[in-house]
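Nothing in this text is a laboratory measurement; each read-out follows from the coordinates by a stated rule. None of the values given here were measured: they were computed from a predicted structure. Here the Cβ positions follow ideal geometry from the backbone for every residue, glycine too, while neighbour counts run over all protein chains shown.
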Amino acid sequence: MRSLLHRNIQLLLTLFCFFTAFVVLSQQQTRKDSIEVIKKLQQEASKNISEQKFDSAILKLMEAEKRIAEGRFYELKLESKLAIAELNYYIHNYGKAKAEMELALPYINETVKPETKAKTFTLFGLIATENKDYSEAETYFEKADRLYNVQKNENGQANVILGFGLLELKREKYKKAINYFNACLPTFRADNSKYQEAFAEINKAEALLYVSEEEIRDAFGKAKISLAKAEKIIDGRGYLKLRVEHYKIASQIALREGKISEAENLMNQYIKLNDSINQEYLHAISKGVDAESSVGDLNQIIENKQSEIEAQARSLNLNKMTTGLSIALIIILSLLTLSLYKNNNLRAKANNLLQDKNVEMQSAKEKAEKASLAKAQFLSTITHELRTPLYAVTGLTHLLLEEDPREQQKEHLNSLKFSGEYLLSLINNILDLNKLEANKVEIEKTSFSLKKRINDVLVALKKSADDRKNILKLEYDDDIPKRLMGDPLKFSQVLINLIGNSVKFTQNGEVVIRVSKLDQTESKVKLHIEVEDNGVGISKKKQKSIFETFSQASLQINRKFGGTGLGLSIVKNLLELMGSKIHLESQLGKGSKFWFNISFGISEELQEDKNKKNTAVEIDYDSLVNKKVLVVEDNKINQMITKKILEKNKMLCDVADNGIDAVKMVEDKSFDIILMDIHMPGISGIEATQKIRGFNKDIPIIALTAVTIDENLDDFYRAGFNEIIPKPFKTEEFFEKIYKTMLVKKIPATK
C-alpha cells in the first residue's frame, strides 16, 4: 500500500514538473514571438530608409518602440533608441537625434556587445559634430576607435576615421580632414561600402577646395578627381542625398573655373532637389511627432499599472524559480554522467591523436627545413643570374646617355636607368634578406661617428623627401659620446629603410628622427631611436604582419606607393642581429612611429672612421688618363661594356677571358690595376688573385663580381683583393673605388 502511495506521489510530482515546464516554455515562446515582430518592424524600417520612404520608416520604428514598452523588453531599448536616433540624424533632425541618444546611453552596460557600444559612440560623435559640440564629438569618436581597435574591426574603424574627417572639416582644419578621408577610403573600397566611399570622396573634394596650394599641390585638380569618383558611384547606385551634395560641390568647382552659366545651372538643381528632400524630411518628422505622442500616452498607462504588474511578476518569478531549479537539477545530473563517460573516451582518443601528431610534426619540420634550404639556394642563384643581364642594361644605358642623345631619347634612357636602379635595389634587398635568414651575416666592430652617419643618411634621402614635399627633422641628444663602437654599415641600412619607408608613406608632412641617451657606463651607451611621421598610418590588424617578408599594409597601399615589403623585414632581422628589437605605434590617418633601443660600445678614438672604403672622395679623373687596366671577365657583353666605360675616361684597357690568361698577362706585361671577375671557367677569380699575389704584392686588384649568399666579403680581402665592386654598379661609385684603390695602393694580407 505504501509502495503504491509512493508511486502515485512520484507520478504527481512528475506531472507537476512537466506542467510547470510547459507553462514556462509557452511564456518564453510568446515573448520570443513578440521580439521577432519588433525586430521585423525595425528591419522593414531600415529597408524604407534605403528606399527614401522616411515617413513609413519612422512609423514602423515608433510602432516597434510602442511594443517594446508594452512588453517591457528592456534588452531591446538600446537598439530601438539607436535606430530612431540614426533616422533622425539622416533626415537632419539633429536635436531629436541627440535627445534619443541621451536616452540610449543609460542602457549601455557590461552586457552590451562591444560592437554595439562602438556603433553607439560613433553615431553620438556624428550627431555631436552636426550640433557643433566638437569636443564631445572627439571624445565619443576616440571611445569608438579604442573599441574597434580591440575588436580588430577595420570597417568600423574606417567609419570612425570618416567621422574624424567630418569633424576636422567642420573645424576648418582642411589638411587634417583630407588625411582622414585618405586613410578610410581604401577600407571602404576593399569592403565595397559604396555609400561611405562616395560620401568620403565628396567631403574630401570639399576640403580640397578650401586647402591652400602650399599645403597640397594641385589641390583643385585633386578635388575634381574626388568629385568625379563620387559621381560615378552616385550614378550607379542612385544615392539621392549624395546627389544633392554633389551638385553643391560641382557648382563651386564650375564657379572657380569661370563657368558661370554651368555653375548657376548646378546651383539651381541643388536648390530644387534639396527643397524636395527637405519636404520629405519635414513630412517624416511630422509623422514622428504624431506617433511619439501616442507612445507617450501609452507610457503613462504603463506607469499607472506598474505596481500591479510587479506584484504579479514576483509571484510568477517564485514559481519559475522553483520549476527551473527542479529541471536544472535533473539536467545537471544527466549531463554529469554523460560527461564522465565521454571524458574517458576523449582522453583515450586524445592520447592516440597526440602520438600521431608528433610523428606528423617531426615530418613537417624536416620538410620545412628542406624547403627553407631550397628557397635560400634558389634565391641566391636567381639574384646572381639576374645581375649579369642587369649589368648590361645599366652599363649600356650609361654609355648611351654619355653619347649626347636627343631630348626624347634622353627621357627614355633616364626612365630605363631608373628602372634598372630600382631592379638592382630589389635584388640587393632579396640578397640581404636571404643572407640574414641563412645566418650568413656577421656584425663588425669599428669606430664611427653616430651623428655623422645619421646626417649622411638624411642627405641621401633628402631628394626623395623633397619630391613628396616632406620635411626631415633630426632631434639629437648632444650628451651621446662622439665616437662609438659597432657596425655603422648595418646601422645605416636600418635607418635608410625606416626613414625611406616613412618618406614614402607621407606627403606634405614631416618625418622626425629622435636619438636620445637612455643609459651609459664606462664602456657602453644605450640609446633610444625613433622615426616618426604623420602619413597615412597602419591599421592594428596589419601591424602584426608588417615586418614579415613581402608584407605590406594592403593591396591598395602596394598599388599606390609601390615597393615589395622587404625593407621592414630587413630592419627587423638586422636589429635582432644587433641585439635589439623594432617596435611600432601607428593609427590610420595620423601617422606611424617606429622605435628601438640599441647599445653601442664607447670608442676612445678621436679620428674619423678607419673604414676608408666607405668614405666618399673627390675623384681626379685626369689622374686616371692612360692608366693601364686589365679586365678579367668571361662574359663577352660584360667585357665590352666595362672596356667602353673605362675607355670613355681615356684609360688603356686589355681583356682576359679567364683566370689562367690573366695570370700569364700580368707576368708578361705591366698594369696599373686589375678588375677581376670571380665566377669563371677554369680557375676562379680568387685562385687567380692568389697566384698573382705569389709574384706581385703591390698591384691593386678589385673584385668585380655579382655577390652571392655563400660569399663572405672578408674572404675576398684575405685572398688578396684591395676592394670589391658588386655588379651591376653605379658608374660614379665604380670610378671612385678605382681612384681610391690606386691612390692608397694598400698592400693586402695574403693567405
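Data for the structure
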| item | result |
| --- | --- |
| Karplus 3J(HN,Hα) series, Hz, for the stretch 452-467 with 6.51 cos²θ - 1.76 cosθ + 1.60 (x for Gly, Pro) | 5, 4, 5, 4, 4, 5, 5, 5, 5, 9, 4, 4, 4, 5, 5, 4 |
| Placed amide H near Ile699: partners under 5 Å, 5+ positions off or other chain | none |
| Loop GluC sites (Glu not before Pro), the stretch 132-178, which have at most 16 other Cβ atoms in a 10 Å radius of their Cβ (DSSP) | Glu172 |
| Estimated FRET transfer efficiency when R0 is 56 angstrom, pair Glu115-Lys648 (beta carbons, to 0.05) | 0.25 |
| Relative contact order %, the stretch 633-744, counting alpha carbon pairs below 8 Å whose residues are six or more apart | 21 |
| Approximate spin-label separation Asn455-Glu264, in nm, with each point projected 7 Å along Cα-to-Cβ | 6.4 |
| Computed log₁₀ I(q)/I(0) - Debye formula, equal Cα scatterers, no solvent, the stretch 621-744, q 0.12 Å⁻¹ | -0.38 |
| Order of Ser363, Ser684, Ser539 - criterion: other Cβ atoms within 10 Å of each residue's Cβ, fewest first | Ser363, Ser684, Ser539 |
| Relative exposure of Val531, Val244, judged by other C-beta atoms within 10 Å (fewest first) | Val244, Val531 |
| Within the stretch 253-276: backbone nitrogen closer than 19 Å to the Tyr210 label point (7 Å, Cα to C-beta) | 253-257 |
| Within-13-Å neighbourhood charge of Gln42 [Cβ basis; K, R +1; D, E -1] | +2 |
| Approximate spin-label separation Lys173-Ser46, in nm, with each point projected 7 Å along Cα-to-Cβ | 3.3 |
| FRET efficiency, Glu142 to Glu36 (Cβ-Cβ, R0 51 Å, nearest 0.05) | 0.90 |
| Gained length - Asp477 relative to Asn352, 0.36 nm times residue gap less alpha-carbon distance | 38.9 nm |
| For the stretch 577-592, 3J(HN,Hα) per residue [Karplus equation, 6.51 cos²θ - 1.76 cosθ + 1.60, θ = phi - 60°, Hz, x = Gly/Pro] | 5, 8, x, 10, 8, 7, 10, 9, 10, 8, 8, 4, x, 10, x, 9 |
| Proxy reagent accessibility, fewest Cβ within 10 Å first, across Lys664, Lys542 | Lys664, Lys542 |
| Amide hydrogen neighbours beyond the local backbone of Thr705, cut-off 5 Å, H modeled | Ile725, Lys727 |
| For the stretch 117-123, Karplus couplings with θ = phi - 60° (6.51, -1.76, 1.60), whole Hz, Gly/Pro x | 4, 4, 4, 4, 5, 4, 5 |
| Over 24 Å [Cα-Cα, the stretch 446-542], rounded percent | 26 |
| Cβ-based net charge around Ile738, under 9 Å, with every Lys or Arg adding one and every Asp or Glu removing one | +1 |
| 5 angstrom amide H check on Val655, placed H, neighbours 5+ away | Val631 |
| Summed side-chain charge close to Ala177 - residues other than Ala177 whose Cβ falls under 14 Å, Lys, Arg +1, Asp, Glu -1 | +2 |
| Spacing of the two label points (7 Å from each Cα toward its C-beta) at His679 and Leu743, in nm | 3.3 |
| Extension reserve of the Asn155-His92 stretch, reckoned as 0.36 nm per residue once the Cα distance is removed | 20.3 nm |
